[in-house]
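Structure first, then comments.
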Amino acid sequence: MTENEQAKTAKYSQITVRSKNESKKVNITSELKPEIKTSVLKKWQSLIDTVAKIVDVPSALIMRLNENSIEVFLKSGTDGNPYKKGEETKLAYGLYCETVIGTQKKLLIPDATKNGVWSTNNPDVDINMVSYLGFPINWPDGEVFGTVCLLDNKENHYNENYTELVQQVKLLIETDLEQLITRQQLEEKNQKLAQLNQNKSQFLSLISHDVRGGIGTINELLKIIIENFDKYSSEKLKMLLKTLNEKSGYSFQMLDNLLTWSKNDMVELKPVKSKYNIIDQIENLLYYFHYSISMKEIQLVKNYSSDKVMVDADENMIKVSLRNILSNAVKYTQKGGQIILTVHQHKNGQTVEIEDTGIGMDKNLVEKLFTYNKEHRKTGTAGEDSAGIGLMLTKNFLDKNNAKVEIASSPGEGTRFTIRF
């Protein structure tokens, strides 16, 4: 989660530190925090019941700080406990617990009636809870949960052993909060992994279908050519062979993308960088697409700042990335359209732009373009196949090479990919 997202879910409380006569804003339990499990609540209840009996006080409490109030989260079941579970008091008095939270320290008040700071305007004193010992309780990230405290209806100095006991309860509660967070994080990771595995299975099923379909089409075309070879004119044979070449080219690219993705997914490929001329690489790729470009009568415009622009990157990864972007440009550009290739060397690095006058994309599709989505499996302007995997692989490889990619596109106005090395 980003810092902005965390800020949106953050919650605060304005408390009064009576001992210092100051107001303080504190970060409290956010909506992202897990609920306290029943098993944990039972454990905490047992702890405060036991402590209250050992120290022999009428009240042991776990308090939770809310935005505008402080709440009795749990209360001991001891006789004479005047507090009720779920009872809330508005933050208008500067209660004992507010000072504990504001100072993040232990607070011990043997007898509030004998203390000028605590003797007046004190709801606890009003119900004869004149003695107090409390410690702050926080989540692992510092957000305030509340306090754990003991209250007595008579003067009580709480000896060192009792103080240590309450402090240990505080530490046990905070350990439980930490474990709840850890469990929540594990559950979220497991959910994400389960979703990823489900997506991967679906993805592999769809891609396998596409690859089999492409190869099946090639096989059927070959059968037709073989069976009718003597009947066909040279013009007819040439047309069939061109179709066969186109189908085999796209099937090869689809299969190569799938195998590259599988290898990257299994062994987490790392880039092996070297300096090479990206102009030569682009020209080799254009030769690879020469037939498709020629068949669709696409005009190529080349704007190279030099015939030698050196980049420091993994040559194979960038080849796969550029091939997939060029493939899309050819695939989604109408007959007679234009593809503009621009390569610049500048003081901060190199820029490659691949722009087409094709069908373009809306903003929603652009935002999802580098993730696998059924929407990406769109046939080209001449019926070319698309598996939807290429650009996902492209983004992954460009990221590995610290290359930034930007997309500008509008429906009916074409698309521009900008890669910055």
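Values computed for the structure shown
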{"item": "From Gln168, Gln191, Gln202, residue being at pLDDT 95 or above, surrounded by fewer than 17 Cβ atoms within 10 Å (Cβ to Cβ) and either over 30 Å from Thr371 (Cα atoms) or out of contact with any strand residue (DSSP E or B) (no Cβ under 7 Å at 6 or more places or on another chain) (or both)", "result": "Gln168"}
{"item": "Contacts under 7 angstrom Cβ, first residue in region 339-364 being closer than 13 Å to Pro411 by Cβ and in contact (Cβ under 8 Å) with a residue 40 or more places away in the chain, partner buried (at least 17 other Cβ atoms within 10 Å of the Cβ) and hydrophobic (A, V, I, L, M, F, W, C), 6 or more apart", "result": "Gly358/Ala329"}
{"item": "Verdict on Lys25 being basic (Lys, Arg), in the same structural domain as Leu177 (by TED's automatic domain parsing) and surrounded by fewer than 14 Cβ atoms within 10 Å (Cβ to Cβ)", "result": "yes"}
{"item": "Whichever residue in region 393-410 is within 16 Å of Lys331 (Cβ to Cβ) and not hydroxyl-bearing (Ser, Thr, Tyr) and, among such residues, is modelled with the highest pLDDT", "result": "Ile407"}
{"item": "Options Glu71, Glu98, Glu88; residue that is buried (at least 24 other Cβ atoms within 10 Å of the Cβ), charged (D, E, K, R) and out of contact with any His (no Cβ under 7 Å at 6 or more places or on another chain)", "result": "Glu98"}
{"item": "Neighbours by Cβ (under 6 Å, 6+ apart or cross-chain): first from region 142-164, outside the structural domain of Ile15 (by TED's automatic domain parsing); second among the small types (Gly, Ala, Ser) and surrounded by 13 or more Cβ atoms within 10 Å (Cβ to Cβ)", "result": "none"}
{"item": "Filtered residues of region 324-369 (kept if surrounded by 20 or more Cβ atoms within 10 Å (Cβ to Cβ) and part of a helix (DSSP H, G or I))", "result": "Asn324, Ile325, Leu326, Ser327, Asn328, Ala329, Val330, Lys331"}
{"item": "Residues of region 82-106 classified as touching a Cys at 6+ places or on another chain (Cβ under 8 Å) and of a type in the set (A, V, I, L, M), total", "result": "1"}
{"item": "Residue in region 34-54 that is surrounded by 14 or more Cβ atoms within 10 Å (Cβ to Cβ), in contact with a Lys or Arg (Cβ under 6 Å, 6 or more places away or on another chain) and in the same structural domain as Glu143 (by TED's automatic domain parsing) present", "result": "no"}
{"item": "Only one of Leu133, Leu151 that is farther than 22 Å from Lys24 by Cα and either assigned to a strand (DSSP E or B) or not polar (S, T, N, Q) (or both)", "result": "Leu151"}
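The values are calculated or read from the model by the stated rules, or taken from the named source; none is laboratory data. All of these numbers come straight from a predicted model, not from anything done at the bench. So basically every Cβ, Gly included, is an ideal-geometry build from the backbone, and we count neighbours across all protein chains shown.
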